[in-house]
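All of the numbers you see were taken from the coordinates with simple rules; none came from a lab. Note that this is a predicted model, so its numbers are computed, not measured. In this analysis, Cβ positions are derived from the backbone assuming ideal geometry, glycine residues included, and neighbour counts consider all displayed protein chains.
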Amino acid sequence: MADLLRRDKELLKVAEIYCGSDVIDLQALVVDLVEIDNVPQMAAARLKPDSLPKFYAWQETWEKQRLKDAIDVKYGVDQLLTEKDAGDPEKRAKYDLALARAKLEKAENIGDIPLPPQYKPTDFRKSSYWSMRGKLDVPKERFFSLPGCEKGGDSTLVIGWAGLNHLQRAQAIAAWYLDRKEGEGWETERLMPMLVALDELIPWLKQWHNEVDLEFGERMGDYYEAFLLEELRNLEITRADLLSWKPAAVAGKRGGRKKKVAEQN
């Protein structure tokens with residue numbers, strides 16, 4: 001990013017004003033700006049260990065809701081009853097019957113879905129994560145990040161644009177994973193955070209991107225789940241191993257440049 005921005009003369013002028021100096025370490029500036037506006041893709045990297053049960057509770061809630069939605073689809077309840085159809089006694093009766101059957105199956109197989117506990121500021125590893133995610137862990141950041149997935153010889157954080165949808169994120173992460181595995185020969189431990197990120201995306205891929213993709217001729221949710229399982233098999237690890245993954249301890253925080261900027265201002 002810094003290399004690209006060096007070509008933008010107008011941006012460099014703004015950077016000089018922001019830093020209060022015409023001598024700018026543009027890479028350090030970008031790192032600082034990204035630092036306050038990114039959230040890790042992997043739950044274990046943004047939440048403290050004691051708070052992960054809340055994340056898993058929310059995952060279970062969403063899975064139960066998906067099962068309920070699937071029952072609605074099974075009986076046709078997901079199709080909206082138009083005002084015209086509601087006025088047709090036969091169509092109205094069919095819809096009411098489908099609704100009753102779906103409600104009965106939901107009660108028998110799923111039951112009520114309890115609301116999981118909300119998050120608190122102390123659940124997050126950084127206060128900036130809390131300010132961007134809040135009590136429901138809803139994304140509002142500009143970038144998602146992959147801590148621990150930096151290239152050899154490059155300590156800058158690996159980030160992606162938060163505007164990417166779940167499928168685009170999976171494609172980007174899988175591509176980065178394969179490049180690290182095949183291009184740099186990373187061992188299992190270093191590859192795991194990317195597999196964790198993919199694993200957490202799978203349910204959403206299967207929910208929103210599992211129609212047959214016209215470009216690839218595949219159901220992309222099923223495709224990436226099969227990709228994940230094959231990689232786990234090759235690396236001789238399991239999905240349970242992914243759940244136990246924890247990020248490496250973070251080294252001391254940077255901050256010298258920010259302090260200097262503050263003194264200059």
Estimate the FRET efficiency between R92 and D37 by the formula 1/(1 + (r/R0)^6), using the beta-carbon distance for r and 41 Å for R0, to the nearest 0.05. 0.20
Which is the longest run of the chain containing none of the GluC sites (Glu not before Pro) found in DSSP loop states (not H, G, I, E, B) with at most 16 other C-beta atoms within 10 Å? 1-149
Among S155, S128, S145, which one shows the biggest mean-square fluctuation in a GNM of the chain, springs joining Cα atoms closer than 10 Å? S155
Please check which bits of segment 40-57 a label hung off T122 would reach, taking the label as a point 7 Å along Cα-to-C-beta and the cut-off as backbone N under 17 Å. 47-55
How far apart, in nanometres, would the label points at K74 and A226 be if each is projected 7 angstrom from Cα along the Cα-to-Cβ direction? 2.5
How big is the Cα convex hull of the chain in projection, averaged over all directions, in nm²? 20.1
Compute the separation of the alpha-carbon centres of segment 1-69 and segment 147-174 and state it in Å as a whole number. 11
Pick from T82, T61, T122: which is most flexible by mean-square fluctuation in a GNM of the chain where alpha carbon atoms under 10 Å apart are linked? T82
Test of understanding: ordering K94, K64 by Cβ neighbours within 10 Å, fewest first, what list do you get? K94, K64
At 0.36 nm per residue, and after removing the present C-alpha to C-alpha distance, how many nm does the segment from K140 to E108 gain when stretched out fully? 7.8 nm
Give me the one-decimal nm value for the distance between modelled label points at E211 and S131, 7 Å along each residue's Cα-to-Cβ direction. 4.0
Once label points are set 7 Å from the Cα along Cα→Cβ at both A57 and L4, what is their separation, rounded to one decimal in nm? 4.0
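Using the structure shown, select from K126/K181; K68/K206; K74/K140 the pairs with a Cα to Cα distance greater than 24 angstrom.
Where the Cα-Cα span goes over 24 Å, the pairs concerned are K126/K181; K74/K140.
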Whole-Hz couplings from phi, Karplus 6.51/-1.76/1.60, listed for segment 47-60; x for Gly and Pro: 10, 6, x, 5, 9, 4, x, 5, 4, 5, 5, 5, 4, 5
